[in-house]
Amino acid sequence: MAAPLPVCWLNGEFQPLAEARISPLDRGFLFGDAVYEVLPVYGGRPFLFVEHIARLERSLGEIRMRPPLSRADWAGLLTELVARNGGGDMYLYVHVSRGAEEGRNHALNPALAPTVFLMAAPLPPLDPAVRDAGVSAITAPDQRWGRCDIKSTALLANVLAKSLAMDAGATEAILLAGGRLREGSSSSVMVVREGTVAVPPYGPEILPGTTRDLALRLCARAGIPVRVAPISEAELRAADEILLGFATRGILAVTRLDGAPVGSGRPGPVALRLQALFAAYRTELAGTPLLPA
Ligand code: PDD
């Protein structure tokens, strides 16, 4: 992962990331009492801005916080952050914690001012070898909490699942619970069988993914059949294709699962089609306003 870009925004000010400081009493630090977003930027333009900010607003509402900024303010700040870091392709990290107080109290203090932190990081182009060969994944038990629909910074179980994947030389850990597919440790998972793209329904156990949502919209446009229904572990293992969707990488094909080839063992036709549809959609959005007029 490349080092972040030099300019960040913290609590009202653009400043060098190297000089940015928050209190050790920040509830994000003490309790993981914070939510976040990660948005890609292509050609200087944040991608799926409204979708990401809408998810941030939803996460905030679910943890009983009000959005600290309006959509127009977010759009202005993020656009300026991109420009101050040189434009081009990057990703943005948006973090809102409940703020710092004078001690460590589990109880919420509605008067606290939130801590709002924005940073940018390079988005290196996808290694062509990875694009051509796909990636490997392992399966792992889902050990997270009961509200994975909230994009919380409390990611300990995700981090530990990812480390199991790393130990196995894999890119992602695909989480299972009760014999069913949930999602990846930092990605949505889609399964292709006989040309149909299948995804598990949303609920408290998985995050609504902006990339998955766009993939399903692009499938609908292109006439690719979609099925939203619970997916068993057996269906996952019998898939012709397994796709990961996440903001920083778009769509990636999983070509090995727990060491066994997925389908042909190469990125399949649906993965390649969706990657092309994503690229075309990025071009389609270039130069359009972030917020509808
Ligand atoms: N993660 N599920 C989980 C648990 C995730 O962490 C992510 C994204 C997704 C996909 O959501 P989206 O398509 O909106 O990125 C699903 C980001 C990239 C991260 O934590 O860095």
Candidate set: region 259-293, residues that are in a loop (DSSP other than H, G, I, E, B) and open to solvent by 70 Å² or more (accessible area, probe 1.4 Å); chosen: the one modelled with the lowest pLDDT: A293
The listed residue being under 16 Å from the mean Cα position of the chain (by Cα) and open to solvent by 20 Å² or more (accessible area, probe 1.4 Å), out of S232, S163, S186, S136: S186
Residue among A129, A133, A83, A168 that alone is more than 12 Å from the ligand (Cβ to nearest atom) and either closer than 17 Å to R64 by Cβ or without any contact (Cβ under 8 Å) to a residue 12 or more places away in the chain (or both): A129
Unmet requirement for R147, which otherwise passes all of (1) within 21 Å of D213 (Cβ to Cβ); (2) touching a strand residue (DSSP E or B) at 6+ places or on another chain (Cβ under 8 Å); (3) more than 10 Å from the ligand (Cβ to nearest atom): (2)
Members of region 6-51 found to be open to solvent by less than 50 Å² (accessible area, probe 1.4 Å), within 16 Å of the ligand (Cβ to nearest atom) and either modelled with pLDDT under 95 or not aromatic (F, W, Y) (or both), listed by number: G28, G32, A34, V35, E37, V38, L39, P40, V41, P46, L48, V50
Qualifying residue in region 71-81 (condition: crowded, with 21+ Cβ neighbours inside 10 Å and part of a loop (DSSP other than H, G, I, E, B)): no
Tally, over region 48-70, of residues that are among the β-branched types (V, I, T) and assigned to a helix (DSSP H, G or I): 2
Pair list, Cβ < 8 Å and 6+ apart or interchain, from region 149-164 residues that are in the same structural domain as G259 (by TED's automatic domain parsing) to residues that are within 10 Å of the ligand (Cβ to nearest atom) and open to solvent by 50 Å² or more (accessible area, probe 1.4 Å): N158/S186; K162/S186
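Yes/no per residue for (1) assigned to a helix (DSSP H, G or I); (2) within 16 Å of the ligand (Cβ to nearest atom); (3) open to solvent by 10 Å² or more (accessible area, probe 1.4 Å):
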residue: Y202; (1), (2), (3): no, yes, yes
residue: L214; (1), (2), (3): yes, yes, no
residue: T248; (1), (2), (3): no, yes, yes
residue: V254; (1), (2), (3): no, yes, no
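The values are calculated or read from the model by the stated rules, or taken from the named source; none is laboratory data. No experiment lies behind these values; they were computed from the predicted model shown. Because the Cβ atoms are built from the backbone with ideal geometry, glycine has one as well, and the counts that use them run over all protein chains shown. Heads up: the accessible areas ignore ligands, DNA and RNA and are worked out on the full protein's heavy atoms, side chains in. Shrake-Rupley method; radii C 1.70, N 1.55, O 1.52, S 1.80 Å.
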